[in-house]
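Asker: Below you'll find the structure I mean.
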Amino acid sequence: MQKRNRFTYLLLIIALVCEAAVFIIDVALWYSRRGNAVELEYVGAYYFKDILSVVLFLSLAMAIRSIYGRPAANARTNAWTIEPAKALWGGVLTVFVFICVALFLNAAFPKSAYQEIKALGEDLALSEQSVFTIVKSHLVALGTGLFALSGLYVIERLIFFRRSKNTRSNFLVAVGLMVISSLFMFGSRNMEGGFSLFFTVLAMLMMTANAFRLQWILSLSRRDKLRTLLLIPVLMIGGGIFEAVLLSSASDAAKTHAGTQVCLHAYSGVAGHFILLTLLFIFIYLATSFFWLLLHLPTSEAFEKKTQEMRSLYAMSRFITDVRDEEKIYDSLLAYTSGSSGATMSWLDIYEPAEAIETAKGRPLNGHAAEAPVGKFKTVSLRNINAETVHRFLKQASFVQQGIVVKKEIIQVDDLLTDYRLGKQASFFTLAQRRFNAFRKGTPDGLISSLVAVPLIARKQLIGALYVAKDIEYGFVKDDVEVISTFADQAAAVIDNSRLIKESIERERLQQELFIAQKIQLQLLPQSLPQVDCFDLDGISYPAYEVGGDYYDFVNLSEGKTIEKFGVVIADVSGKGTSAAFYMAELKGIFQSLSRIYPDSPKDLLIKANETLTRGLEKKAFVSVLYGVVDVATKELTLANAGHCPAILVSQRGNRVVRLQGMALGLDKGKIFNRNVSNETLRLETGDVVVFYTDGVLEAVSGNGEEFGFERLTLAIERSKHKCAAEIKADVFSAVNHFTEQGGSVNDDLTIFVIKAC
């Protein structure tokens, strides 16, 4: 930027030096011909003066482009840095200053005109009447030149706004023809030239062609168009006044001249001619712009409305990508929609289907709630209208919500007083009376006169309705409805996404809580089984979900350190998931405490456990339990079953499914349960295997819908009976997995406990 400043200063210094040289030449020529009626022939001086003036104005043009072309501090590009109204206002102020200076010069130096004289080599020439005329011509030339070059730069930027492929070439051709026409005036003292006139006509044609590059007018607001429309004639009138002031300086004597054209040609034939053509270009462009503005002024309001719609859509799209708060989305939707459609009032209803209302029974609805055919609407946001008015309107115009819910279509009411769906066909006098009463009393009819209701649909489901209303009849046209529909579609997608995000966050939170619950539940199961003489023990449990209702445990029933008697329990709580897991935890505490009280009688333990659990279980909940006590010395296993899957015994003597009478805990408070429960004692030999399991093993389903069953379970145990307890457990699980891997599934918790006599 500093390098650019230095370049600008250098250009201004060159221009200043050239101006000083031109002024010295003009003064020297004036003194040389003072007192002579015929112009002396100093042709070389005139050519040299034209060269200096060309360098001068070329330097000024480059300096102007350097200054105006600098981008603003906060701008990313300088492609469009000209504001038409601001540039015109600057031109008006400049012309006003020129007029003041011209008036001052006329008052101070009245003899400042030019006189025609005969010159050598030419028919006529212009000669200054005094040194003050030279000063005046230089001031006029410099001021007009700066104004013309600045105006040419402004016009260039306006023409290049939203340029097309040929815009630059057309503009350069016009400027090129202006330069060629000016070069034919090189060294000339009069204001005529044959070839110059030919190229001037061509330049004017290209100026006219460029004058129709007026794309910048479309982007102006109505206010800026009015300002520009006012400033253009003011600028033109100001230029005419300036010319009149200059002409007034001419005396009444014959063959005396004044005015801008005379001053410029007296200053320099080449530079003066180019500046005049530039002023003509500015005039043509301003005149064309004026008439074009008049044509586009009636459409300004519609254009601004479209622009506002685009801005609102852009702002809404940016807003919805950053905001996930559903309440903020409601208010912003109404603000953007009302601003784009010009609505005087609006509100937003969220729809709750009948099933959602049923599940949320007892929860108060915020705001107004209106009945719908298969659900309810609740008003969540209002703008320039109250809930009471909304309620009265929707009660009166019930077809609006019915159309939204049933048909999911846009409902438009052009005139509430005459809408046929309300049965309000009336005569002219009756209609006039209704309008008068509505206006006088301020009834809902007078407040809401026209309305557009748009359903909010996401994933083919109705989630709400957007209502936009005006207090005038026929307030909405097709474009308004399309814009409102666009906002409604965006809002529906965002509200749906917001809900999905909330559900995802809630699901993630539940997953974390279930993960913690799973860890806690796993800690309730035996972390390791103790070493027992003559017995090999192992067990495992896999929940169907994160947590489950299966339970197995080992209880040492001996008094000393050596395990002489121990208990084994396996249980299955009805249902799955968290509720079953809570009952499983309760069951662990009951068995840990009762096993010490009833160390020799599994039947009595189950009876007491049933009494305890029945008090806390829900009516639909129950627990199946298989409990056994093993005497290590005698290798006897005493079993009691409370509605659980029978244990499977695989021995050298044969295989047996140990079926015992009994019903699940929690189904009966005592009498029936106590009568049905019983004990059975099994004597185990070396190599015998007893497996406790839950129904998740038996009910594992293959791809053909066939269950795993007792036979496959017994066969899997028999094949592995020579192995240790851990390997038997693993083989049973492998058999279940192999059975279900071809499209099958395990739909319940799966638990196994293995006891092997060694």
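The values are calculated or read from the model by the stated rules, or taken from the named source; none is laboratory data. Since the model is a prediction, treat every value here as computed from it, not as a measurement. A quick note on method: Cβ atoms are made from the backbone with ideal geometry, for glycine too, and the neighbour counts reach across all protein chains shown.
Asker: Based on what the data block shows, is Leu606 surrounded by 15 or more Cβ atoms within 10 Å (Cβ to Cβ) and either at pLDDT 85 or above or more than 22 Å from Ile672 (Cβ to Cβ) (or both)?
Answerer: Values: surrounded by 15 or more Cβ atoms within 10 Å (Cβ to Cβ): yes; either at pLDDT 85 or above or more than 22 Å from Ile672 (Cβ to Cβ) (or both): yes.
Yes; evaluated as a whole, the condition is true for this residue.
Asker: Answer yes or no: is there a residue in region 692-701 that is assigned to a loop (DSSP other than H, G, I, E, B), crowded, with 17+ Cβ neighbours inside 10 Å and of a type outside the set (S, T, N, Q).
Answerer: Yes, some residue in region 692-701 is assigned to a loop (DSSP other than H, G, I, E, B), crowded, with 17+ Cβ neighbours inside 10 Å and of a type outside the set (S, T, N, Q).
Asker: Could we say that Glu727 is among the charged types (D, E, K, R) and either part of a helix (DSSP H, G or I) or crowded, with 16+ Cβ neighbours inside 10 Å (or both) here?
Answerer: Numbers: among the charged types (D, E, K, R): yes; either part of a helix (DSSP H, G or I) or crowded, with 16+ Cβ neighbours inside 10 Å (or both): yes.
It is true that Glu727 is among the charged types (D, E, K, R) and either part of a helix (DSSP H, G or I) or crowded, with 16+ Cβ neighbours inside 10 Å (or both).
Asker: Ok, one more. Residues that are touching a Pro at 6+ places or on another chain (Cβ under 8 Å) and surrounded by 12 or more Cβ atoms within 10 Å (Cβ to Cβ): does region 496-511 have at least one?
Answerer: No - not one qualifying residue is present in region 496-511.
Asker: For the subset of region 33-81 comprising residues that are among the aromatic types (Phe, Trp, Tyr) and over 20 Å from Ala15 (Cα atoms), which member is modelled with the lowest pLDDT?
Answerer: Taking region 33-81 and keeping what is among the aromatic types (Phe, Trp, Tyr), we get 42, 46-48, 57, 68, 80.
Right, trim to over 20 Å from Ala15 (Cα atoms) and you get 42, 80.
Details: Tyr42: 59, Trp80: 46.
The extreme case among them is Trp80.
Asker: Give the residues of region 735-758 that are surrounded by fewer than 16 Cβ atoms within 10 Å (Cβ to Cβ) and either under 26 Å from Val555 (Cβ atoms) or at pLDDT 90 or above (or both), sorted by residue number.
Answerer: Looking only at region 735-758, we keep the residues that are surrounded by fewer than 16 Cβ atoms within 10 Å (Cβ to Cβ), and these are 737-738, 741-743, 745, 747, 758.
If the condition is that a residue be surrounded by fewer than 16 Cβ atoms within 10 Å (Cβ to Cβ) and either under 26 Å from Val555 (Cβ atoms) or at pLDDT 90 or above (or both), then Cys758 is the only one that fits.
Asker: Scan region 705-724 for residues that are assigned to a loop (DSSP other than H, G, I, E, B) and either touching a residue at least 12 places away in the same chain (Cβ under 8 Å) or not assigned by TED's automatic domain parsing to the domain that holds Leu637 (or both) and jot them down.
Answerer: Restricting attention to region 705-724, the residues satisfying the condition of being assigned to a loop (DSSP other than H, G, I, E, B) are 705-706, 708, 720-724.
Answer for region 705-724, where residues must be assigned to a loop (DSSP other than H, G, I, E, B) and either touching a residue at least 12 places away in the same chain (Cβ under 8 Å) or not assigned by TED's automatic domain parsing to the domain that holds Leu637 (or both): Phe708, Ser720, Lys721, His722, Cys724.
Asker: Right, something else. Out of curiosity, is Leu510 in contact with a Phe, Trp or Tyr (Cβ under 9 Å, 6 or more places away or on another chain), closer than 30 Å to Gly549 by Cα and not assigned by TED's automatic domain parsing to the domain that holds Asp331? Let's see the steps before the verdict.
Answerer: Numbers: in contact with a Phe, Trp or Tyr (Cβ under 9 Å, 6 or more places away or on another chain): no; closer than 30 Å to Gly549 by Cα: yes; not assigned by TED's automatic domain parsing to the domain that holds Asp331: yes.
No, not satisfied.
Asker: How many residues are under 60 Å from the mean Cα position of the chain (by Cα) and surrounded by fewer than 18 Cβ atoms within 10 Å (Cβ to Cβ) when one looks only at region 631-646?
Answerer: 0
Asker: Could you go through region 445-458 and let me know if any residue there is farther than 20 Å from Val483 by Cβ, at pLDDT below 60 and assigned by TED's automatic domain parsing to the domain that holds Trp347. Explain how you work it out, then say what you get.
Answerer: Kept after step one, since they are farther than 20 Å from Val483 by Cβ, are these residues of region 445-458: 445-447.
With at pLDDT below 60 added as a condition, the list becomes 445-446.
Among the residues that remain, those that are also assigned by TED's automatic domain parsing to the domain that holds Trp347 are: 445-446.
Yes, region 445-458 contains at least one residue that is farther than 20 Å from Val483 by Cβ, at pLDDT below 60 and assigned by TED's automatic domain parsing to the domain that holds Trp347.
The rows are residues; the columns are (1) in contact with a Gly (Cβ under 8 Å, 6 or more places away or on another chain); (2) outside the structural domain of Ala716 (by TED's automatic domain parsing); (3) outside any helix (DSSP H, G or I).
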| residue | (1), (2), (3) |
| --- | --- |
| Leu594 | no, no, no |
| Asp604 | no, no, no |
| Ala609 | no, no, no |
| Val657 | no, no, yes |
| Gly662 | yes, no, yes |
